[in-house]
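Notes follow the structure.
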Amino acid sequence: SYLESTNNGGNWTTATGGTITFPIHMYWMRFHRGMFQENDGTLYAPAYVAFANNGAATRSVLLKSADNGKTWTQHAEITNPVTHGKQFDELTVARCANGDWLAVIRQAFPSASEHMPLMYSRSTDKGLTWSAPAYLPGLGSGHTSGDDLNESADPDLLLLPNGVIVLSYGRPNGHLAFSAH
């Protein structure tokens, strides 16, 4: 089920019948942050999912809907635990001022030697293909609270009108990072 509004969020009603279609059987999935709409009305939303074919390891995907969110299909896979050797969960996707799409992704189970589980990937073709995930530079070690998974939890991106991208992340203490341009 999902909620819908016909008056720009003034009221919400529960609707039923929404579907999400994946290319293979999945165990579970979760939408996360960073949904946006293209000029043609297509919605894009990041999600993380556990597919049945690799022992329920999590990966990051980008979903799309052409009917205002009633049905969703997988547009692209951003990270894959088999290809990248890591599991990923919470993620956010935003358009950049230059037209690229940027994903910031939390690494699900970093090793003790990995200091910053926040990683990024970039697409130059409207989300169809993504660069290999790399550590997000410039955010420090991530060892300030003693709990790296919470230190990098719940990432969210926002493109400001002046072209600056803002990243918020972390709990219980929130952090903000701003792109230089």
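Of the accessible area of the chain, with the probe set at 1.4 angstrom, what percent is carbon plus sulfur?
On the way: 4990 of 9580 Å².
C and S atoms contribute 52 percent here.
Pick out which of Leu63, Leu159, Leu91 has the largest mean-square fluctuation in a Gaussian network model of the chain, springs linking Cα atoms closer than 10 Å.
Comparing Leu63, Leu159, Leu91 in the GNM, the peak value goes to Leu159.
Please report, in debye to the nearest 20, how large the charge dipole of the chain is about its Cα centre when each Lys and Arg carries +1 at its beta carbon and each Asp and Glu carries -1 there.
Numbers: 11 positive and 15 negative charges, 32 e Å.
Using Cβ point charges on Lys, Arg, Asp and Glu, the chain gives about 160 debye.
From the backbone phi of the range 157-162, what are the Karplus-calculated ³J(HN,Hα) couplings (6.51 cos²θ - 1.76 cosθ + 1.60, θ = phi - 60°) in whole Hz, Gly and Pro given as x?
10, 9, 8, 7, x, 8
Tell me, in nm to one decimal, what length is gained between Thr14 and Met35 on full extension, where the rule is 0.36 nm per residue of separation less the Cα-Cα distance? Numbers along the way, then the final one.
Values: separation 21, 0.36 × 21 = 7.56 nm, distance 1.96 nm.
That works out to 5.6 nm of additional length.
Sort Thr92, Thr73 by heavy-atom solvent-accessible area, probe 1.4 angstrom, most to least.
Details: Thr92 0, Thr73 60 Å².
Per-residue accessible area, sorted high to low, gives Thr73, Thr92.
When the convex hull of the C-alpha atoms of the chain is computed, what volume per residue in Å³ does it have? It would help to have the intermediate numbers written out before the result.
Details: hull volume 25.2 nm³, N = 181.
With only Cα atoms used, the chain gives 139 Å³ per residue.
Would you work out which of Thr19, Gln37, Asn8 lies farthest towards the positive end of the dipole of the chain, given +1 charges on the beta-carbon of Lys and Arg and -1 on that of Asp and Glu, about the Cα centre?
My answer, from the dipole projection, is Thr19.
For every helix of n ≥ 4 consecutive DSSP H residues, a contribution of -39,500 (n - 2.57) applies; sum these over the chain, divide by its total residues, and give [θ] at 222 nm rounded to the nearest 500 deg cm²/dmol.
Details: 2 runs with 8 residues, N = 181.
Mean residue ellipticity at 222 nm (helix-derived): -500 deg cm²/dmol.
Per residue, what accessible area does the chain have, given a 1.4 Å probe and all protein chains present, in Å²? Walk me through the numbers on the way to the answer.
Numbers: 9580 Å² over 181 residues.
Roughly 53 Å² per residue, with all protein chains present.
Work out, step by step, the length gained on full extension between Leu158 and Arg171: first 0.36 nm times the residue separation, then minus their alpha carbon distance; give nm to one decimal.
On the way: separation 13, 0.36 × 13 = 4.68 nm, distance 1.81 nm.
Length gained between Leu158 and Arg171: 2.9 nm.
The values are calculated or read from the model by the stated rules, or taken from the named source; none is laboratory data. What you see is a predicted model; the values in this text were computed from it and never measured. Neighbour counts are summed over all protein chains in view; Cβ atoms, including those assigned to glycine, are modelled from backbone coordinates with ideal geometry. Side chains are part of the model used for accessible areas, which takes the heavy atoms of the whole protein and leaves out ligands, DNA and RNA. Shrake-Rupley method; radii C 1.70, N 1.55, O 1.52, S 1.80 Å.
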